[in-house]
1. Where in segment 240-308 are there GluC sites (Glu not before Pro) that are in a DSSP coil and have at most 13 other Cβ atoms within 10 angstrom of their Cβ?
2. Could you calculate the FRET efficiency of Ser227 with Ala131 from 1/(1 + (r/R0)^6), where r is the beta carbon distance between them and R0 is 30 Å, rounded to 0.05?
3. Can you check what the net charge comes to around Thr63, using other residues whose Cβ is under 11 Å from the Cβ of Thr63 (Lys, Arg +1; Asp, Glu -1)?
4. For the chain, what are the DSSP H helices with axial Cα length of 24 Å or more and mean Kyte-Doolittle hydropathy of at least -0.5?
5. By how many nm would the segment from Lys297 to Asp237 lengthen if fully extended, with 0.36 nm per residue of separation less the alpha-carbon distance?
6. Quick one: check the C-alpha center-to-center distance for segment 260-327 versus segment 155-189, whole angstrom.
7. Tally Lys and Arg at +1 and Asp and Glu at -1 over the other residues with C-beta under 15 Å from the C-beta of Ser34: what net charge comes out?
8. Which value, in debye to the nearest 20, gives the size of the charge dipole of segment 22-152 about its Cα centre, when Lys and Arg are +1 and Asp and Glu are -1 at the Cβ?
Amino acid sequence: MESRKKDHINLAYQAQMFEQEVSELFHYEPILVSNQLPELEKTKFLGKELSLPLWVSSMTGGTKEAQNINKNLALACKEFGMGMGLGSCRPLLESKERLADFDVRDIIGENLPLMTNLGIAQVEKLLEESAVDKIIELVANLRADGLMLHVNPLQELMQPEGDIYLKPPLETIQELLEKVDFPVFVKEVGQGMGPKSLDALLETNIAGIEFGALGGTNFSLIELMRSDDMVMEQMSDFASIGHTAADMVGFLNELPLSMVQQKELIISGGVKPLSGFYLKQQLAAPAIIGMAFQFLKYAREDYSQLKKYVTLIKRSLQIAEKLLQKS
Ligand SMILES: Cc1cc2nc3c(=O)[nH]c(=O)nc-3n(C[C@H](O)[C@H](O)[C@H](O)COP(=O)(O)O)c2cc1C
């Protein structure tokens, strides 16, 4: 598993999809406002307060390098007031050997949201074995605010050793929700979700949804890159299946606002600060912006690069807030 996780970090660079074209999305009205940058408003998320409306989307643990990445990311969250999702914590279900890779609560502090992460297949298996205690223990050991469940059936089918879901994920989600009392989120990992999935998720008691939309890091593509030339050539069109973050904002805006508002929402999957800002404005309900790959690029070395990057994001959001209006 460790070598697969290492491949994921390296292949993420080659598996980026299209970038959202943002220039035509905004009105730029230079004679109507000053350009003195505003303080950004604080955002409530999972009962805690964020200084930036930003989420570090789940990235992998379970390798030596991931430990350094997670520490840097947690430091940035602490310094700038952002929330963080851990990468898949599956290695911790069987042993605590890799706990240090993920154990960032002391760095991020008590006052910012931190979520653990598991795949739906692991949860299905644990429920089948009446071992839900292992999930509860995982959340407690990491002193996390809850659990993010990644539901990624296409990716699993693009890898030879991928997990097969014996039940529809919605049933597993419902069953888990009956057995745990911490917040549970559901996310994709680069294909996003269609309107029926979003509608069905809103009907459940999950706490939130992270888009993991199509348009940025694409895990189905990453898995195909790990296979041979024939598989890549013949299957690569599968990697374009899914829904972009803009599509998902549109789907949610079609659903009853009173229901959408009840969930915490993270707009992620190929978004950058400016496109994220735009989509957040378009969405009728409150949301924050999630990014994985953009953070990863600067989190691999020492902290100063990441700090410089997050300072830039903050400035980008301030500029957007001041000068750009919905078109
Ligand atoms: C190196 C890497 C590892 C990832 N590992 C996980 C994971 O373990 N669990 C998960 O739910 N998502 C994982 N993701 C997916 C991200 O959380 C996110 O949904 C996806 O990358 C889209 O965001 P982006 O386009 O900003 O990268 C990973 C992403 C990257 C780049």
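1. Glu301
2. For Ser227 and Ala131, the calculated efficiency is 0.40.
3. Result for the neighbourhood of Thr63: +1.
4. For the chain, where a helix must reach 24 Å along its axis and average at least -0.5, the hits are 303-323.
5. 19.0 nm
6. Between the Cα centre of segment 260-327 and that of segment 155-189, the gap is 26 Å.
7. After counting each charged neighbour, the total is -2.
8. Taking the Cα centre of segment 22-152 as origin, the dipole is about 220 debye.
Rule-based calculations on the coordinates, nothing more; no lab input. Because the structure is a prediction, the values reported are computed rather than measured. All Cβ positions, glycine included, derive from the backbone under ideal geometry; neighbour counts span all protein chains shown.
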